[in-house]
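Here the structure is laid out as structure tokens; the discussion comes afterwards.
The values are calculated or read from the model by the stated rules, or taken from the named source; none is laboratory data. None of the values given here were measured: they were computed from a predicted structure. Every residue, glycine as well, gets a Cβ built from its backbone with ideal geometry; the counts of neighbours run over all protein chains shown. Accessible surface areas use protein heavy atoms only, side chains included; no ligands, DNA or RNA. Shrake-Rupley method; radii C 1.70, N 1.55, O 1.52, S 1.80 Å.
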Amino acid sequence: QVQLVESGGGLVQPGGSLRLSCVASGSIHSFYSMGWYRQAPGKERELVARMDFVIGRTDYADSVKGRFTISRDKAKNTIYLQMNSLTPEDTAVFYCYADLVSNGPWRRGDYWGQGTQVTVSV
């Protein structure tokens, strides 16, 4: 069984920074991609950033380019989202996802974390 667990959310003032972490655990064979989505109140879930490990590509939403950075610690099955220059418009629940192959037998699927709240407010 595969689990994704996010951490690092919280309350921050405008202009501040937060670093989110997402650890994937369980019987994992390999990864295709990992990334972050977010969902603000009354809005649809949107892609924030993702890393495609097969083609070696990283993508960001236009709204976060230059402010957010996604990174990976392969040995720890962990990705991070460094968020700088936060604004109230960044307030949302942030979700980690992974497109991976699990073991016993090999099976590809999408997995999601439970979400972590990020609130940007004075």
**OP:** Filter the strands (runs of 3 or more DSSP E) completely within region 1-78 down to those with at least 2 residues that are open to solvent by 60 Å² or more (accessible area, probe 1.4 Å) and under 14 Å from Asp99 (Cα atoms).
**Re:** 28-39
**OP:** State the number of residues belonging to region 79-100 that are assigned to a loop (DSSP other than H, G, I, E, B) and either small (Gly, Ala, Ser) or touching a Cys at 6+ places or on another chain (Cβ under 9 Å) (or both).
**Re:** 1
Original post:
Is it true that some residue in region 65-79 is under 17 Å from Leu4 (Cβ atoms), free of Cβ contacts under 8 Å to residues at least 12 places away in the same chain and of a type in the set (D, E, K, R)?
Top reply: yes
Original post:
Name the residues in region 81-101 that are buried (at least 18 other Cβ atoms within 10 Å of the Cβ) and over 25 Å from Gly42 (Cβ atoms), would you?
Top reply: Ala98, Leu100
